[in-house]
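Just below is one structure, and these are the notes that go with it.
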Ligand code: FES
Ligand SMILES: [Fe+2]
């Protein structure tokens, strides 16, 4: 057999299509200009007087000043620090202070943006298509009447520029065998739903963190429902255990690294606003974050394996999620086509 067969395959494309978190809402106050880099692109996010957030490329189309260094919000537009040109939320030039008409031909690239669950999401698509699916809503999408008021404020983890890909995090969701080792569950969880028909996919599983190895999964009365909105954002809801919901968001920064954000909501106990209840919620939230951090420890050192050697029971889940993931890669940013084999 040729040695060439052992050469490492190219990794997954870092330019997948979808919604990706680029900031938390409270990082961008009214009138503020926030600098960031995602998808190998310098960007700014700014909040107009009306409260609307715009995400656009960072460089002024006049002579290329970086709007994140001295750019200012003036009402509903951003003003460049260099010569005072003003740009609106569509990236269009609306004012040149020393000329009676704007430059209608120039436009700073902007990104469709949604604010939800205290997060700012942008739509990224190298093919330039408008959003064709929705970013998940942790309260609206689980078919119950819950709202943020039913939960304590979100606890957060934020890790920047880790060498991992958004797809790792989603594959974790079908990876029943890792729970016992990475998360110390007493028994292996059971997946009860794998629905990968649409860009928004659904995974449910029965899981417990309590008891010992002697339990039978059929007797377990707790679990997790997950909704994956493309590769960038996944939300979960627990049942039968301490009421918790999570959002995981992984956003490519450049060809090698991603920023990771993870948020946990712990349910309030109706009628109990005591500091003790809050302290308990905080401790539980931290425990959930610690579990996610244990995953990160694996992911950030993992080498993506295009043709993994799977156990028989892993085959269906991994086949389904990788087939589903393929739809988010554009032909010109394909990377290696994925398959799985036993
Ligand atoms: S570079 Fe922005 S106004 Fe001149
Ligand atoms: Fe995990």
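Computed from the coordinates by the stated procedures, all read-outs in this text should not be read as laboratory data. Since the structure is predicted, the reported quantities are computational estimates derived from the model, not experimental observations.
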#### Entry: Per-selection Kirkwood Rh - the chain (Cα, Å, 1 d.p.)
21.9
### Projected-area mean, the range 100-176, by convex hull of Cα positions, square nanometres
10.3
### Query
To the nearest 10 degrees, how steep is helix 315-326 against the longest Cα principal axis of the chain, on a 0 to 90 scale?
10
### Summary
Note to self: C-alpha centroids of the range 247-305 and the range 151-205 sit apart, in Å, by 11
### Message
What three numbers, in Å, describe the spread of the alpha carbons of the range 14-124 along their principal axes, ordered from the longest?
### Response
41, 28, 21
### the chain: angle of helix 275-299 to the longest principal axis, Cα-based, in degrees nearest 10
90
### Task
Would you please calculate the Kirkwood hydrodynamic radius of the range 203-342 over all C-alpha pairs and express it in Å, rounded to one decimal?
17.9
